[in-house]
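The values are calculated or read from the model by the stated rules, or taken from the named source; none is laboratory data. Computed from a predicted structure; not experimentally measured. We place every Cβ from the backbone using ideal geometry, glycine too, and count neighbours over all the protein chains shown. Ligands, DNA and RNA are stripped out before the accessible areas are found, and what is left, the full protein with its side chains, is counted by its heavy atoms. Shrake-Rupley method; radii C 1.70, N 1.55, O 1.52, S 1.80 Å.
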Amino acid sequence: MMFRKIASLIGLLVFSSLIGAQTLTLGSKMDSEGRLLGEIFAQKLEADGFTVRRQLGLGSTSVAYQALLSGDIDLYPEYTGTLALSILNLDSTPPLDQINSHLAPLNLVALPSLGFNNTYAMALKQAQAEALGISRISDLAEHPQLRLGLSHEFVQRNDGWPGLRERYQLPHNPRGIEHGLAYEAINAGRIDITDAYATDGDLDRFNLLLLEDDLNYFPQYLALPLVHSSLPEAAKRSLAELAGRIDEPRMQALNALVSTQQASFAQAADRFLREEGLLTDATEREFSTRKWDRLGINLLQHLQLTLIALGLACVIGLPLAILVYKSRRISRSVLYIAGLLQTIPSIALLALMIPLFGIGFLPAIIALFLYSLLPIVRAAITSLLTVNPLLVQVSQGMGMTRREQLKHILLPLAAPNMLTGIKTAAIINIGTATLAAFIGAGGLGEPIVTGLALNDHTLVLYGAIPAALMAITTELVFELAERRWIPAHMRGIGRQNP
Amino acid sequence: MTEHCVEFIQLEKGFANQRLFEGIDLALPVNAVTALVGASGCGKSTLLQLINGLARPDAGQVKVLGEPIDYQDLPRLRRKMGYAVQGIALFPHLNLFDNISLMARLEHWSQDAITQRIHKLFNFMYLDPALLTRYPHEISGGQAQRVGLCRAMMLDPPLLLLDEAFSAVDPITRVDVHARFQAMQAAEPRSVVLVTHDMQEAAKLADFMVVMDPGIVLQADTPEQIMNHPANAQVARLLEAR
């Protein structure tokens, strides 16, 4: 069985290389609709003979777009409004051919849209809307008491809150909230209004009403495949066949299939393509029905990310500390630079890595490595500097060479505090590595990010609980190591009396 | 072998904003105990550190065991000198055996030679070999001082440098440690340079005394000569102030 699988896989690889079909890498942003569209594109391309590597759930617009620019992915689902206003920085959303003339110098192409307009909308509870007599966004101006909780991206975007407030003269002071948590927050009565997408599958589940954009503020957000111009013509043709096939109610229904009816993205995509008669192969395909069947892989990836980054930080950070600790000036600048790296928000650091190292494992490792440096280098420098100077003087006076002093006196005396620094770095790493999912590096962040996108708390816990357990285990392992290698009276911080 | 273990020739040494020694000429006898005495700040500890290269002269020369100091290879020179300081500074992460034997192991002594030497030193110092597996924080102050001396004498160095190594214990313990030191010196006579602020200690232990005042040597002679014929009023005053 196993053998047949492998043999057919090899056969497929040989076959595809013979006919010259290359592997396409397909991305998507982390939101639920983006993943679903990504899966639809992927299955359509596969149905037409392409091999598709999926890189779904990339952090945000900038992560997915940077990955496309750098060639790490060949295509991802995007919206006209986002393209025009956020990416190309245009003042309005022009027709597709004009967008494409802007994209041409970047070697990108926007293929014909799928049909539906997933514009931004303002959502609130149906019951509350009726009670207050609100149906249009302009009605909000008369209700300054309503609490707005808006997604972080919406608060920042040119075509988001700043413009909306100006157009409708809104007096509200919105809070930033993760979009995946916003509906729950409305349901729990902690906020009243949030930004929503017009085709959101959860709107029905939470009995939310979309307010009419009576001043036509929101631009059009027509969904389409944004591809690299080097994409084979056959692939472009294959994707163009999807044009105009999905209207707003259809998309909302597809989204609901995933968010409320527990279908997987792959199942929903499969069903759509079948209904459209776009799947030539008649056999029912099997999809895993289990909620999350990659936990083992995620755990392994998470361990790899954390350990490799930590190992690198030790291999580079400890010798660096030993090299510079004697010079006050140099060690200060080293600590200053490492501290500066620490202040860059993790998600921003990850995004900064993309133009340099693309997406996936490597940039995640580098970002985590940079985060580990400070605790390790700082602890090492401080612990070396705080070794009792009399002990150093005596070891020197006894005739030890610099190397012997390091080996026999300085390092053993500094070890307990150094170990604490490494432990701190390890635990920070385990937490930060959950964000690596944003740039397609996998790990326990994957179920967390997907869970947030699907409003599925269980799925979030699938990632969060193992990550927490891993952090606790790490703490224990370090404690054991300390007990094993450091004499009792040398443990703990600052107990090094001569 | 010369008759001097240490010679300072036209020695000049200062610190950032202050001259300390301006042309000192001084020779210390071989196989005898020399005490450097004087009030704090007179430069006696600096003079000691000029012997083992922890401090370097600005001008002039320091000869140790007949040779000018080779500052490119200080570890080799320092292994010919035992070194013990005030507070003893035993290494807290090593037990007594490892503290004492560290340099011998770095010199690739055989296990037998190490054990023999340590037992001989422990014998002189009235220390119980059962202590060898203990850590420094598990022994008394008096024991620690004697262990510090053992560590300094482990390699059987021709020259021993002691920087206030007998201070900071109670008077009774101190008398005890003095006695052990003298017994050791009788059995294995060597050149010792001892820094102390205690005139009594100097007079009791030393064969030769150097009385210092900031930057200058007031008198260098046997304790007897200095006690009976102080060179000037300053020396006399120092002898009285204990």
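Restricting region A:373-421 to residues that are buried (at least 24 other Cβ atoms within 10 Å of the Cβ) and β-branched (Val, Ile, Thr) leaves a set whose member that is nearest to the other protein chains (Cβ to nearest Cβ) is A:VAL394. Identify the residue in region A:205-233 that is of a type in the set (Ser, Thr, Tyr) and out of contact with any strand residue (DSSP E or B) (no Cβ under 7 Å at 6 or more places or on another chain) and, among all such residues, is surrounded by the most Cβ atoms within 10 Å (Cβ to Cβ). By that ranking, first place goes to A:TYR217. Residues in region A:50-68 that are free of Cβ contacts under 8 Å to residues at least 40 places away in the same chain and more than 16 Å from the chain's Cα centre (by Cα): A:THR51, A:VAL52, A:ARG53. For region B:123-149, filtering for residues that are without any contact (Cβ under 8 Å) to a residue 40 or more places away in the chain and of a type in the set (A, V, I, L, M, F, W, C) leaves 4.
Counting the residues of region B:101-114 that are out of contact with any Gly (no Cβ under 9 Å at 6 or more places or on another chain) and either open to solvent by less than 20 Å² (accessible area, probe 1.4 Å) or of a type in the set (Gly, Ala, Ser) (or both) gives 6.
Take the conditions (1) in contact (Cβ under 8 Å) with a residue 24 or more places away in the chain; (2) among the basic types (Lys, Arg); (3) under 24 Å from A:THR61 (Cα atoms); A:ARG136 misses just one of them, which is (3).
Cβ-Cβ contacts under 6 Å between residues 6 or more apart (or on different chains), taken from a first residue in region A:455-481 that is open to solvent by 70 Å² or more (accessible area, probe 1.4 Å) to a second residue that is not small (Gly, Ala, Ser), are listed as A:TYR462/A:TRP292; A:TYR462/A:PRO447. In region B:221-237, the residue that is most open to solvent (accessible area, probe 1.4 Å) out of those that are part of a helix (DSSP H, G or I) and of a type in the set (Gly, Ala, Ser) is B:ALA233. Listed by position, the strands (runs of 3 or more DSSP E) enclosed by region A:189-276 that each have at least 1 residues that are more than 26 Å from A:LEU148 (Cα to Cα) and out of contact with any Pro (no Cβ under 9 Å at 6 or more places or on another chain) are A:223-228.
Determine, yes or no, whether A:SER238 is open to solvent by less than 50 Å² (accessible area, probe 1.4 Å) and over 23 Å from the mean Cα position of the chain (by Cα).
Working: open to solvent by less than 50 Å² (accessible area, probe 1.4 Å): yes; over 23 Å from the mean Cα position of the chain (by Cα): yes.
Answer is yes for this residue.
Of the helices (runs of 4 or more DSSP H) lying entirely inside region B:20-122, those carrying at least 2 residues that are within 14 Å of chain A (Cβ to nearest Cβ) and in contact (Cβ under 8 Å) with a residue 60 or more places away in the chain are B:44-51. Looking across region A:301-346, the residues that are exposed (fewer than 13 other Cβ atoms within 10 Å of the Cβ), outside any helix (DSSP H, G or I) and of a type outside the set (S, T, N, Q) come down to A:LYS326, A:PRO345.
What are the residues in region A:347-372 that are open to solvent by 50 Å² or more (accessible area, probe 1.4 Å) and either over 19 Å from A:LEU69 (Cβ atoms) or assigned to a loop (DSSP other than H, G, I, E, B) (or both), if any?
The first filter runs over region A:347-372 and keeps only residues open to solvent by 50 Å² or more (accessible area, probe 1.4 Å), leaving A:347, A:352, A:355-357, A:361-362.
If the condition is that a residue be open to solvent by 50 Å² or more (accessible area, probe 1.4 Å) and either over 19 Å from A:LEU69 (Cβ atoms) or assigned to a loop (DSSP other than H, G, I, E, B) (or both), then A:PHE361 is the only one that fits.
Just to be sure I understand, how many residues within region B:5-57 are touching a helix residue (DSSP H, G or I) at 6+ places or on another chain (Cβ under 9 Å) and at positive phi? Here the count works out to 2. Going by the conditions given, is B:PHE166 open to solvent by less than 10 Å² (accessible area, probe 1.4 Å) and farther than 15 Å from A:MET398 by Cβ? Taking the combined requirement at face value, the residue satisfies it. Scanning region A:154-198 for residues that are hydrophobic (A, V, I, L, M, F, W, C), touching a Phe, Trp or Tyr at 6+ places or on another chain (Cβ under 7 Å) and open to solvent by 40 Å² or more (accessible area, probe 1.4 Å) returns a single hit, A:VAL155.
Right, B:ALA55: at pLDDT below 90 and touching a strand residue (DSSP E or B) at 6+ places or on another chain (Cβ under 8 Å) or not?
So B:ALA55 does not fit the description; no.
Residue check: B:ASP156 meets all listed conditions (1) more than 14 Å from chain A (Cβ to nearest Cβ); (2) in contact with an Asp or Glu (Cβ under 9 Å, 6 or more places away or on another chain); (3) surrounded by fewer than 17 Cβ atoms within 10 Å (Cβ to Cβ) but one, namely (1).
All conditions in (1) within 32 Å of the chain's Cα centre (by Cα); (2) within 14 Å of chain B (Cβ to nearest Cβ) hold for A:VAL334, with the sole exception of (2).
Return a yes/no flag: does region B:137-151 have any residue that is within 14 Å of chain A (Cβ to nearest Cβ), surrounded by fewer than 19 Cβ atoms within 10 Å (Cβ to Cβ), over 23 Å from A:GLY397 (Cα atoms) and modelled with pLDDT of 90 or more. The answer is yes; a qualifying residue exists. Residues that are of a type outside the set (Phe, Trp, Tyr) and exposed (fewer than 15 other Cβ atoms within 10 Å of the Cβ) within region B:15-42 comprise B:ALA16, B:ASN17, B:GLN18, B:ARG19, B:GLY23, B:ASP25, B:ALA39, B:SER40, B:GLY41, listed in sequence order. For region B:115-136, filtering for residues that are touching a helix residue (DSSP H, G or I) at 6+ places or on another chain (Cβ under 7 Å) and surrounded by fewer than 19 Cβ atoms within 10 Å (Cβ to Cβ) leaves 6. Check A:ILE330, A:ILE308, A:ILE297 and return the single one that is modelled with pLDDT of 85 or more, over 22 Å from A:GLU446 (Cα atoms) and β-branched (Val, Ile, Thr). Going through A:ILE330, A:ILE308, A:ILE297 in turn, the sole match is A:ILE330.
Can you name the condition, by its number, that B:LEU65 falls short on among (1) of a type outside the set (D, E, K, R); (2) open to solvent by 10 Å² or more (accessible area, probe 1.4 Å); (3) in contact with a Gly (Cβ under 6 Å, 6 or more places away or on another chain)? The one condition B:LEU65 does not meet is (3).
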